[in-house]
Amino acid sequence: MKPEHLSELAISCAVITVSTSRTKETDTSGKTIQEILTQAHLEVRHYAVIPDDIGAIRFEVLLAAKTCNCIIVNGGTGLTHDDCTIEAVSPLLEKKIDGFGELFRLKSFEEIGTSTMLSRAIAGTMKGNVIFCIPGSTPAVTLAAKTLIVPEIRHILSHANK
């Protein structure tokens, strides 16, 4: 990418795990995301594990957005009756980054095959911040964070803040 497409800006991250069964102690996916971000020299300022509840998810995303410009929500993106992350976050997005979900599913297909069609991963911007919603499995968060989010986060935020 062209250097003029990148701004010198501080990147602060939030990791929000949506799960009815995980706790901060058992949240391997949230810990994995934090490790990947830290290894990339990105500061993690906010971390929470919350239940599959639209109100709780929106509250936590809006709370994280007060101090973080990169918010990664993992879990609750599937098709079960209690998966509601997409329904909670979509109305908050001002602009969707359709390519994120498309690339995530393409890369996932290479690893897990046709079951990747069950993923509803999305990303978008909100008031100069970027929000990523990804599946909660450790392989999925590793794939998303390492191959898509970390390499493009500065580029995305540069454009979102022009």
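The values are calculated or read from the model by the stated rules, or taken from the named source; none is laboratory data. As the structure is a computational prediction, the values presented were derived from the model and not from experiment. Heads up, the Cβs are rebuilt from the backbone with ideal geometry, glycines too, and the neighbour counts pull from every protein chain shown. Calculation scope for accessible area: heavy atoms of the full protein, side chains included, ligands and nucleic acids excluded. Shrake-Rupley method; radii C 1.70, N 1.55, O 1.52, S 1.80 Å.
Worth pointing out:
- Remark: spin-label model distance Asn161-Thr67 equals 1.8 nm, labels positioned 7 Å along the Cα→Cβ axis.
- The simple Förster model, with R0 at 22 Å and r as the Cβ-Cβ distance, assigns Glu25 and Thr142 a FRET efficiency of 0.65.
- Theoretical FRET efficiency, 1/(1+(r/R0)^6), r = Cβ-Cβ of Lys96 and Glu8, R0 30 Å, to 0.05: 0.70
- Net charge of the neighbourhood of Arg120, taken over other residues with C-beta under 13 Å away and scored Lys/Arg +1, Asp/Glu -1, is -2.
- Bins of 5 Å from zero: percent of alpha-carbon pairs in region 64-162: 3, 13, 26, 27, 19, 9, 4, 1
- DSSP-loop GluC sites (Glu not before Pro) across region 1-62, with at most 15 other Cβ within 10 angstrom: Glu8, Glu25
- Cα-Cα pairs of region 1-124 separated by more than 25 Å (percent): 25 percent
- Surrounding net charge for Ser90, when Lys and Arg each add one and Asp and Glu each subtract one, Cβ distance under 10 Å: +1
- Taking a Cβ cut-off of under 11 Å around Gly78, the surrounding Lys, Arg, Asp and Glu residues balance to a net charge of -2, with basic ones at +1 and acidic ones at -1.
- Ellipticity estimate at 222 nm from DSSP helix runs (n ≥ 4, -39,500 (n - 2.57)) divided over the chain, nearest 500: -11000 deg cm²/dmol
- Accessible area per residue for the chain, computed on protein heavy atoms with a 1.4 Å probe, is 50 Å².
- Evaluated over the chain, the count of Lys pairs having alpha-carbon atoms less than 17 Å apart is 9 (only pairs 8 or more residues apart or interchain).
- Normalising the average separation of contacting C-alpha pairs (under 8 angstrom, six or more residues apart) by the number of residues puts the relative contact order of region 51-162 at 29 percent.
- Accessible carbon and sulfur surface of the chain relative to its total accessible area, %, 1.4 Å: 57 percent
- Sparsely packed trypsin sites (Lys or Arg not before Pro) within region 1-105, loop by DSSP, other Cβ within 10 Å at most 11: Lys24, Lys66
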